[in-house]
Amino acid sequence: MSPLPTTLEQYSTLQRSLLALSSVEQAQAIRYLCLNDLYYLLRYALNRPDAEHQWILDRCREVQADPNDRLDLWSRGHYKSSIITLALTLQDILNDPEVTVGLFSHTRPIAKGFLRQLKRELETNACLRGLFPDIIWHDPARQAPKWSEDDGLVLRRRGNPKESTLEAHGLVDGQPTGKHYSIMVYDDVVTQSSVTSPEMMQKTTEMLELSYNLGTEHGRRRFVGTRYHAADSYQTILQRGTATQRVRLATDDGTLDGVPAIWTVEQLKEKRKDLGPYTFACQIMQDPLHDATQSFRREWLKHFENRSGEGMNKYLLCDAANSKRRSSDYTSIWVIGLAADRNYYALDIIRDRLNLTERAAAIMRLHRKWRPMEVRYESYGLMADIAHIKACQEAENYRFDITPVAGRAPKNDRVRRLLPLFEQGRFYLPITHNYGDYEHVVRDLVQDFIEQEYVSFPVGLHDDMMDALARIAEPELELIWPRDSSPTVKDRYKREVETSAWAA
């Protein structure tokens, strides 16, 4: 056969040439094309005239050339599931009916939706049944050993593995045990419901990790999806190098003003209006930090080494959470030093799940260590904390005032008060700050702050440290800055003259 077509016009010519062949030659040619041309299989064998677009043809060529160990993050509605989960999976089975394919989504109903589409094609597509009678049953409901969404689909094959040819499973609602698939397709692992809380995101990632054991030794994996959150499971896949991302967006340059891939300019703008900026950034631009959602920039970060705090005026800031449950927020405490250079320095940091006694002990310990000028304590629903700390002060004969602060302004608005400090390069973080948390895990809280809260604001995995830190920028806080004790040029000159006169 000649090289595969690369344009829609060439496919029109190909279709005309096929009509000139005898029925036997035509069947042989079309079978070859189904086995070797992913676009032909999608557009013609699966009868998808909606896929007749050059951009979709180019994506088919790209996927066929490099199908595995990829995280395909494409704009919603741009045929990623049609090309990869439907057409490519079907092509793999037609080329090798002995493969076993596991379709995995966040929940099993989602995965069964993909299986249902494949099942319908194998039941009703007369073209495929005629071309591949050695693989596809004529009457699968009666002939196939298994043919259901629950048990999977078994096509004609020589072997008898315990896995069906095609099976659908959810990650978080009952993964199979004791099974191994030669091809694992992960489609819609991340959904809106999987990013409702840090715990849900962590659970999804943990279940995804467990599912990797269901592959064969030399199996193939494909990830297909859409971003919903900056800290979702897809981000973990990329950070670990589990798969290489392939991002294909609705415009050529990833901006609203770019040339649309398959939509019109009007359709793209309508999507932007209907979805809103954040959902549009996630679903269409595949970037939860895209557009106006990103506030803090990585290049604004500055670090320092000398953490003695000498010559600084210190402030202790606490945003308390009152539970050790994994679903609760963290207690976050900062000790911020104000230096004569008018910059802010993070001298100490705690982010942990602490009970009342542990919170009080932490405040007492940090106050003894740093002797701050003021302690500002988030009192929203936690007045008992301040009362308990006062009791500890009496018991230890060590007393200091505590300023209760409440969350009157929306949290994100409070955090944005920090923007000028970071943008102007006035806030300094230590290079590292290791801390052993309640799970006895040593964490670098500087990196946790940067990666989980700072760069991903306002959609970070957590926001406890940002919220506590924002108390240093409250309008009602009258900061007291230390005076610069270094002599000015005038002072030095005066001292030198006096010294010279005395010497004379």
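The values are calculated or read from the model by the stated rules, or taken from the named source; none is laboratory data. Just so it is clear, the structure is predicted and the values come from calculations on it, not from any experiment. Quick reminder, even Gly has a Cβ in these numbers, built from the backbone with ideal geometry, and neighbours come from all protein chains shown.
Taking segment 367-385 as the range and being at pLDDT 90 or above and in contact with a strand residue (DSSP E or B) (Cβ under 6 Å, 6 or more places away or on another chain) as the test, the residues that pass are 370, 372, 373, 374, 375, 376, 377.
Candidates 232, 188: the one that is in contact with a helix residue (DSSP H, G or I) (Cβ under 8 Å, 6 or more places away or on another chain) and on the phi > 0 side of the Ramachandran plot is 188.
When residues in segment 425-450 are screened for being among the β-branched types (Val, Ile, Thr), more than 14 Å from residue 465 (Cα to Cα) and surrounded by 16 or more Cβ atoms within 10 Å (Cβ to Cβ), 0 of them pass. The residues in segment 358-371 that are surrounded by fewer than 22 Cβ atoms within 10 Å (Cβ to Cβ) and either in contact with a helix residue (DSSP H, G or I) (Cβ under 8 Å, 6 or more places away or on another chain) or in contact (Cβ under 8 Å) with a residue 60 or more places away in the chain (or both) can be counted, and the count is 4. For segment 207-224, a tally of residues being modelled with pLDDT of 95 or more and either more than 19 Å from residue 164 (Cβ to Cβ) or part of a helix (DSSP H, G or I) (or both) returns 10. In this structure, residue 405 does not qualify as within 24 Å of residue 448 (Cβ to Cβ), among the β-branched types (Val, Ile, Thr) and modelled with pLDDT of 95 or more.
Residues that are outside the structural domain of residue 116 (by TED's automatic domain parsing), of a type in the set (Ser, Thr, Tyr) and modelled with pLDDT of 95 or more number at least 1 in the following helices (runs of 4 or more DSSP H) confined to segment 1-94: 8-19, 23-36. Using the structure shown, decide if residue 192 is under 20 Å from residue 80 (Cα atoms) and loosely packed, with under 15 Cβ neighbours inside 10 Å. When the stated conditions are applied, residue 192 passes them.
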